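What follows is a set of notes on a single structure, which appears directly below.
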Amino acid sequence: MRAFLLSMAALLLIPAPAAAREADTPRAVVEAAVAAHGGRLWLEPGSLILSGRAEFFAPDSPAPRSRADDYRMWRVFDGDRRVAHGADGKVRITARSGEKLLFEVGYDGETTWNERGIVPKAEADAFWASNFGFGIIRSALDDGFRIELAPARAIEGRALDMVRILDPQGQATLFGIDQDSRFIRYMGFRTPRGWHERTYSDFIRLPDSGWVQARTVSLFYDGVKANTVYWRQVEVEAKIDPAVFSPPAGR
């Protein structure tokens, strides 16, 4: 499938219809979010490629410590994900500033690696536990998962219904679903690095597939911003060479 440029010229900002308020059970909130984001394709994607730019912050300075003008993610999904905050499927993320490689990390389904080489399993598990979490909402409606309502709140000026998703091991992830659009605008969970939060904004829908993508994603640990990603190009259900996820030769 061809890639789409995530620009206002190419795509339409989607004011998705408000969900019926009488349907506000925990399961119905998640079902409404799935429908708003693209339905079956969003629920069960095979692959996703995103590219754009990113800013990274130190905890003691208001200005970015570095910027990646080329930030990319390749993702192959596990359709039977059962663990909220562990590695699954396959993933590779690369950040470059001009010709300089800022960092790179990948997981080929068994081995985690970065720009320095193979990452020991204990270190890799802690890394993914601090970074993986969003995709578990795609499994929330499966047997063995539990969904609970949490107190509603407002984030970035938007009223959100909050749901807590517990995986079969009891790991909890908090999601904030926009009460009007039903887009996912917030996620939070406990990690080895502290309380991790993400905010999502600037949503647009791909005209052919109906896939909804947040163009701006900010990550926080214990309330301090770590980075913001600005996605500008997306490709859904593309064929990705498995070698993309393998450690480069010599590592």
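The values are calculated or read from the model by the stated rules, or taken from the named source; none is laboratory data. Predicted model, so just to flag it, every value in this text is computed and none were measured. Positions of Cβ are backbone-derived with ideal geometry, glycine not excepted, and every protein chain shown enters the neighbour counts. With ligands, DNA and RNA removed, areas are computed over all heavy atoms of the protein, side chains included. Shrake-Rupley method; radii C 1.70, N 1.55, O 1.52, S 1.80 Å.
Structural remarks
- Diffusion coefficient of the chain by Stokes-Einstein, Kirkwood radius over Cα pairs, 10 °C, 1.306 mPa s: 84 µm²/s.
- Taking every protein chain into account, the accessible area of the chain amounts to 48 square angstrom per residue (probe 1.4 Å).
- Under the Debye formula (equal points on every Cα, no solvent term), log10 I(q)/I(0) of region 110-248 at q = 0.16 Å⁻¹: -1.06
- Taken as Cα centroids, region 229-246 and region 52-129 sit 13 Å apart, rounded to the nearest whole angstrom.
- For region 172-211, the alpha carbon positions stretch 40, 20, 17 Å along the principal axes, listed from largest to smallest.
- Isotropically averaged projected area of region 54-99, using the convex hull of Cα atoms (one quarter of hull area), nm²: 4.6
- Packing-based ranking, highest mean first, of 160-167, 121-128 given that Cβ atoms within 10 Å are counted: 160-167, 121-128
- Here the Kirkwood formula, the inverse mean of 1/r across different C-alpha pairs, assigns region 36-144 a hydrodynamic radius of 15.5 Å.
- Crossing angle, helix 26-37 versus the chain [Cα axis fit, 0-90 degrees, rounded to tens]: 60
- Diffusion coefficient (Stokes-Einstein, Kirkwood radius over C-alpha pairs, 25 °C, 0.890 mPa s) for region 136-196: 203 µm²/s, rounded to a whole number.
- Of the residues 38, 86, 223, the one that moves most in a GNM of the chain with alpha-carbon contacts below 10 Å is 223.
- For region 121-182, a crude dipole built from +1 on the beta carbon of Lys and Arg and -1 on the beta carbon of Asp and Glu, taken about the Cα centre, is about 80 debye to the nearest 20.
- Just the protein heavy atoms count here, and of the accessible area of region 84-139 at 1.4 Å, carbon and sulfur take up 51 percent.
- Against the criterion of solvent-accessible heavy-atom surface with a 1.4 angstrom probe, 73, 187 sort, most first, into 73, 187.
- Cα lying deepest toward the dipole's positive end in the chain, options 140, 204, 152, charges on Cβ: 204
- Computed with every protein chain present, the accessible area of residue 119 is close to 20 Å² [probe 1.4 Å].
- Ranking by accessible area, most exposed first, for 215, 158 with a 1.4 Å probe: 158, 215
- Cα-based radius of gyration of region 81-175 once divided by 2.2 N^0.38 Å, which approximates compact folds: 1.32
- Atom-type composition of the exposed protein surface of region 210-251 places 51 percent of the accessible area on carbon and sulfur (1.4 angstrom probe).
- Accessible surface of residue 149 - all protein chains present, 1.4 Å probe, nearest 10 Å²: 90
- Over 15 Å [Cα-Cα, region 187-251], rounded percent: 67
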